[in-house]
Each structure stands twice: as structure tokens, then as C-alpha cells.
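Q: Take a look at the following structure, please.
The values are calculated or read from the model by the stated rules, or taken from the named source; none is laboratory data. Everything quoted here is computed from the prediction, not taken from an experiment. Cβ placement follows ideal geometry from the backbone for every residue including glycine, while neighbour counts extend to all protein chains displayed. When the accessible area is computed, the model is the full protein with side chains, heavy atoms only, and any ligands, DNA or RNA have been set aside. Shrake-Rupley method; radii C 1.70, N 1.55, O 1.52, S 1.80 Å.
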Amino acid sequence: MRLRIRAATRLKGTMPVPGDKSLSHRALLFGALADGISDLKGWLPAADCEATLRCVRALGIHVERPAWEHLIVHGGGLKGFRPAPAPLDCGGSGTTMRLLMGMLAGFPFPSTLVGNPQLSRRPMERVARPLRQMGAEVITTEGHAPVYVRGGSLQGIRYELPMASAQVKSAILLAGLYADRPTMVIEPAPSRDHTERLLGAMGASIRRDGNAVTIEPAERLRPVSMTIPGDPSSAAFLIAAALLVPGSWVQIPGVLLNPTRLGWVDAWQAMGAPIRAIPEGEAGGEPVGHLQATAASCLQAIEIAGAMVPRMIDEFPIFAVVATQAEGITQVRDAAELRVKESDRIAAIAAELRRMGARIEEHPDGFTVYGPTPLRGAVVHSHGDHRLAMALTVAGLIADGETLVEDAACIADSFPGFVETMQALGAEIEVETVYE
């Protein structure tokens with residue numbers, strides 16, 4: 001699939017975004033281990049979450065689907081998984097593979113987890129290493145998938161993460177549910193805390209003290225019924241478009257407002273962007289509300305480093321696009337983790353934005369953007385990365401001439417309906433089918 005984009009004159013409207021991807025994964029996975037039935041509305045039917053659903057069903061959990069975005073999970077309890085008849089296919093989802101590694105470490109039967117070529121390039125030893133310390137047998141393929149796991153008889157450990165990673169942290173905490181004593185994970189900087197919040201809401205004994213998170217062994221989890229709020233990472237693309245296209249105004253209702261996910265909001269506000277986050281309530285222990293943005297008259301360059309990086313780790317491709325329109329030199333450091341995402345996001349966003357006329361330099365752990373720079377239409381490539389494809393689409397809305405985004409079908413990994421949402425706001429985007 002190819003997207004053909006022309007410069008936008010104005011974007012306006014109130015549009016929801018699909019359910020949060022991180023919460024959709026976790027609500028389904030944790031609901032599978034609960035004692036009872038979990039009712040999940042607003043679940044994200046994107047490719048990555050569908051991989052989690054496929055794996056949960058393969059492990060013997062009955063999941064009804066009354067509607068495309070509505071799941072009823074018949075939890076089997078903490079010992080409810082059954083051996084899968086074949087390797088568990090995680091597709092391109094790192095969250096699926098890494099969290100399941102932690103969960104399956106609590107079961108005495110063997111499991112093999114596989115993924116597509118993109119996922120099979122991502123590092124898995126960072127999860128395998130602490131699980132081995134807990135007593136599980138975990139074998140990776142030269143540090144990557146396929147991954148073999150056989151668990152049972154786990155010991156609680158104290159583990160210091162070498163990098164801030166919510167997925168690694170979550171895998172260890174989930175294994176800790178099955179350990180013989182408390183398990184502590186110490187982060188170098190706070191990462192997204194959805195696992196802690198949701199497990200706590202389901203009755204697990206879990207606590208945070210500074211950068212240390214401790215979980216106690218559990219006998220049961222309560223089922224959860226919730227409407228999953230909108231994904232702030234998806235909302236970032238709509239907000240960025242509103243900031244960059246003159247005369248725009250965009251509102252997004254029902255969005256997750258967890259502060260560990262809103263680093264990009266703080267960053268753009270520091271640049272002078274007119275963004276408002278309006279709290280409205282809670283869902284599943286998570287804050288929810290509206291996001292609003294209007295076109296920015298002037299943006300100023302900033303520096304992003306340290307503890308801010310994990311709070312916006314998924315938003316750096318679109319952050320780079322916004323930075324091309326900021327006055328001064330924007331610098332991103334301490335973000336080497338971007339090189340092992342769905343693509344090497346540092347190299348990929350730098351290469352593609354340069355095609356569009358941006359002045360951007362890549363560094364081992366980040367990039368530098370010199371702005372403001374007028375962008376020009378070009379043929380750019382997603383590198384099979386959903387967030388890169390959407391970021392380049394937004395760049396096309398402010399570029400002179402026509403922009404073609406190649407290999408854009410990957411957008412469905414996290415934001416099904418992205419093109420239709422942008423069109424409803426006033427963007428001129430055409431979808432073209434490419435026949436090989």
C-alpha cells in the first residue's frame with residue numbers, strides 16, 4: 001500500500017483514536033490469568049494486538065469476540081495456560097513476545113515463541129537473562145527469536161535493569177507472580193507503568209519505592225472490566241498535524257493521560273506548542289481525558305535526554321518531524337534504544353526526512369535537527385515501521401508538492417483507520433494499492 005499526500009490547508013475536528021496498544025495487550029494477557037471473566041471494550045484490533053489474541057487462544061484460553069473491539073476473556077487463573085500445539089506466533093509484536101516470556105516462565109511445560117523477520121531481529125536476551133536468574137530455562141537464537149521457554153519453581157530476585165524498558169520490567173514482574181518470594185526490579189529511569197497499575201487493580205501486591213518496583217507472589221488475580229482509553233501514541237500524530245498545519249484545531253476525547261506516556265506533550269509544550277490535556281476520570285487505574293491542540297505560531301528548539309526519553313520512546317519519529325519546523329537546534333540524546341525498534345528509527349527517520357529537505361544528523365544515541373526548514377514532497381519509505389509511516393504522512397501535509405509514502409500497510413500494526421481519521425480532519429490523502 002502506498003499513500004499519496006498533498007499539503008493541507010487546515011485540519012479541524014473532534015476525533016477519537018483507537019484503544020491504547022499497551023493496555024490492550026496487558027488487559028488481554030492479564031485477563032487470561034484472572035479467576036473469572038474480564039470484559040474489555042475499546043480493545044485495539046491492530047495487527048500487534050491480534051498476535052496477542054492468537055497466542056492467548058493457543059494457550060487454551062477461551063476468548064469471545066462480540067464485536068471487533070470487544071473481547072470477553074474467560075480467565076483460567078494463574079495456572080490456566082495449557083501447552084500450545086505449535087510455536088506461538090507473535091507476528092511483529094515485541095510486547096507479545098516479551099510479556100509472554102515472563103508469563104510462561106511460571107509454567108513447567110515447554111513453549112516456543114516465534115515472530116516475523118522484523119521481530120526476529122529485535123533483542124530478546126535482555127528478557128531471557130533475568131528469567132534465567134529466576135530459575136527458568138530460556139534459550140534464544142543468538143539473542144533473538146525463536147525463543148524457547150520452560151519454567152516453574154521460580155525464585156524471587158532483585159534485578160537492576162541496564163536500560164529503561166517497560167517490556168523487560170513487565171516480563172520480570174509477571175514471572176514474579178510465580179516466584180517463591182518477592183521480586184524487585186530497579187529502573188535507571190521510570191518507564192511506562194501500565195503493568196503495575198493494572199496488576200494492582202486486579203489484586204496483585206505490587207508497590208513502587210522511587211525507581212524500584214516490588215511484586216509479591218500471588219495466588220489469584222481478579223478479573224477486570226474496562227473500556228480501554230485511546231492511545232496517546234496514536235494521538236500524537238493528530239496533535240502534531242494540528243500544530244504544523246496553519247489554522248488547525250483538533251480535539252481527541254477519551255485518551256489515556258498516564259504521565260509515563262506524555263513525555264511528547266511536555267516536550268512540545270516546552271517548545272511553545274498550544275496543547276492542553278484535560279483530565280476527566282479513570283479507567284482500570286489509569287487517568288483518562290481530552291487532548292486539544294491548535295496550530296503553533298512559533299516553535300522553539302529544545303534538548304531531550306535522560307529521564308525524558310522513556311516517557312516518549314515511541315514518539316520520536318513524529319517529534320523529529322515537528323522539530324524540523326522549530327527555531328534553532330533540537331537535540332535528542334540517550335535514545336540508543338530507538339535503534340532496536342521495528343526499524344532503526346534513528347537512521348530511518350534521518351534518511352527519510354533528508355529526502356524531504358530536512359537538515360537532520362544522526363548520532364549513535366539520537367539525532368540533531370536544524371530548523372526551521374521548509375519540507376518538499378518526495379518519495380519516502382516506511383521501512384516497515386508503522387510509526388515512521390505515520391510520521392512521514394504528517395510531514396507530507398506541510399511539504400511543498402506531493403509526497404508518496406511507500407509500504408504504508410504497516411500502519412495497521414497500531415492505528416487501523418489512521419488514513420480515514422486524517423481524511424475526516426481535512427487531510428488530502430489517497431490510498432493506492434501496489435501490485436508486486
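Q: Just how far, in whole angstrom, is the range 9-63 from the range 144-180 if you go by their alpha carbon centroids?
A: 22
Q: Taking amide H positions as placed in the peptide plane 1.01 Å from N, state which residues far from Glu402 in sequence (5 or more) or on other chains have amide H under 5 Å from it.
A: Close amide H contacts, sequence-distant or interchain: Gly377.
Q: Right, another one. Decide, for the range 324-436, between rounded, prolate and oblate: order the square roots of the alpha carbon gyration tensor eigenvalues as a ≥ b ≥ c, take rounded if a/c falls under 1.5, and otherwise choose prolate if a/b is larger than b/c, else oblate. List each step's numbers first, then the result.
A: On the way: a/c = 1.92, a/b = 1.33, b/c = 1.44.
It comes out oblate by the Cα gyration axes.
Q: Helix-only mean residue ellipticity at 222 nm, the chain, DSSP H runs n ≥ 4 weighted -39,500 (n - 2.57), per residue, nearest 500. What is it? The partial results should precede the final answer.
A: Values: 12 runs with 122 residues, N = 436.
The helix contribution divided over the chain gives -8500 deg cm²/dmol.
Q: What list of ³J(HN,Hα) values in whole Hz, one per residue of the range 8-18 in order, does the Karplus curve 6.51 cos²θ - 1.76 cosθ + 1.60 (θ = phi - 60°) give from phi, with Gly and Pro shown as x?
A: Values per residue, Gly and Pro as x: 8, 9, 5, 10, 8, x, 10, 9, x, 10, x Hz.
Q: Right, next: Calculate one ³J(HN,Hα) per residue across the range 77-89 by plugging θ = phi - 60° into the Karplus curve 6.51 cos²θ - 1.76 cosθ + 1.60, and present them in order as whole Hz with x for glycine and proline.
A: Here the 3J(HN,Hα) series is x, 5, 10, x, 5, 10, x, 6, x, 8, x, 7, 8 Hz.
Q: Can you work out the Karplus-derived ³J(HN,Hα) for every residue in the range 427-435? Use 6.51 cos²θ - 1.76 cosθ + 1.60 with θ = phi - 60°, whole Hz, and x for glycine or proline.
A: Values per residue, Gly and Pro as x: 6, 9, 10, 10, 9, 10, 8, 10, 9 Hz.
Q: Does the range 320-370 come out rounded, prolate or oblate by the C-alpha gyration tensor, with a ≥ b ≥ c the root eigenvalues, rounded set by a/c under 1.5 and, if not, prolate when a/b is larger than b/c and oblate if not? The partial results should precede the final answer.
A: Working: a/c = 2.29, a/b = 1.40, b/c = 1.63.
Oblate.
Q: While we're on this one: Determine the share of the range 339-436's accessible area contributed by carbon and sulfur atoms, expressed in whole percent, with a 1.4 angstrom probe.
A: Numbers: 1810 of 3680 Å².
So the carbon and sulfur contribution to the accessible surface is 49 percent.
Q: If only Cα atoms are counted, what is the Rg of the range 243-370, and what is its Dmax, in Å?
A: Values for the range 243-370 (Cα only, Rg and Dmax): 15.0, 44 Å.
Q: Could you order Cys298, Cys55 by accessible surface area, starting with the largest, using a probe radius of 1.4 Å? Don't skip to the answer; put the middle values down first.
A: On the way: Cys298 60, Cys55 0 Å².
Correct descending sequence by accessible area is Cys298, Cys55.
Q: Separate question: Using a Förster radius of 41 Å, what is the FRET efficiency between Arg2 and Ala212 based on their Cβ-Cβ separation? Nearest 0.05, please. Don't skip to the end; give the middle numbers.
A: Numbers: r = 48 Å, r/R0 = 1.16.
The value I calculate is 0.30.
Q: If you average the sequence gap of Cα pairs under 8 Å that are 6 or more apart and divide by the length of the chain, what percent do you get for the contact order? Walk me through the numbers on the way to the answer.
A: Details: 1101 pairs, mean separation 84.3, N = 436.
That works out to 19 percent.
Q: In square angstrom, rounded to the nearest 10, how much accessible surface does Arg10 have for a 1.4 Å probe?
A: My reading of the accessible area for Arg10 is about 130 Å².
Q: For the chain, give the share of DSSP beta bridges that are antiparallel, in percent and rounded to the nearest 5; count only bridges with both residues there. Present the calculation step by step, with values, prior to reporting the outcome.
A: Details: 61 of 81 bridges.
Looking only at bridges with both residues in the chain, the antiparallel portion is about 75 percent.
Q: Give me the Å³ per residue figure for the convex hull around the C-alpha atoms of the range 97-234.
A: Details: hull volume 16.8 nm³, N = 138.
Residue-normalised Cα hull volume stands at 122 Å³.
Q: Which percentage, to the nearest 5, of the DSSP beta bridges contained in the range 81-219 is antiparallel?
A: Values: 16 of 22 bridges.
That works out to approximately 75 percent antiparallel.
Q: Which order do you get for Arg387, Arg129 if you rank them by accessible area with a 1.4 Å probe, largest at the top?
A: On the way: Arg387 10, Arg129 110 Å².
Listed by decreasing accessible area, they come as Arg129, Arg387.
Q: Considering just Cα atoms, how many Å³ per residue does the convex hull of the chain enclose? Kindly include the intermediate steps, with their values, before the conclusion.
A: Details: hull volume 54.6 nm³, N = 436.
Output value, Cα hull per residue: 125 Å³.
Q: What whole-number distance in Å separates the alpha-carbon centres of the range 195-221 and the range 360-436?
A: Value for the Cα centre distance between the two parts: 39 Å.
Q: For the chain, with every protein chain kept in place, what is the accessible area per residue (1.4 Å probe, Å²)?
A: In whole numbers, the chain has 35 Å² accessible per residue.
Q: Calculate I(q)/I(0) for the range 1-126 by the Debye formula, one identical point scatterer on each C-alpha and no solvent, and give its log10 at q = 0.12, 0.13, 0.15 Å⁻¹ to two decimals.
A: For the range 1-126, the Cα-only Debye profile gives -0.51, -0.58, -0.72.
Q: Rounded, prolate or oblate, given the Cα gyration tensor of the range 111-164, with a/c below 1.5 counting as rounded?
A: Details: a/c = 3.11, a/b = 1.40, b/c = 2.22.
Because a/c hits 1.5 or more and a/b fails to exceed b/c, the range 111-164 counts as oblate.
Q: Amide H to amide H under 5 Å from Leu78: which residues, 5+ apart in sequence or cross-chain, H placed 1.01 Å off N in plane?
A: For Leu78, whose amide H was placed from the backbone, the distant partners under 5 Å are Leu221.
Q: To the nearest 10 Å², what's Ser165's accessible area with a 1.4 Å probe?
A: Rounded to the nearest 10, that gives 10 Å².
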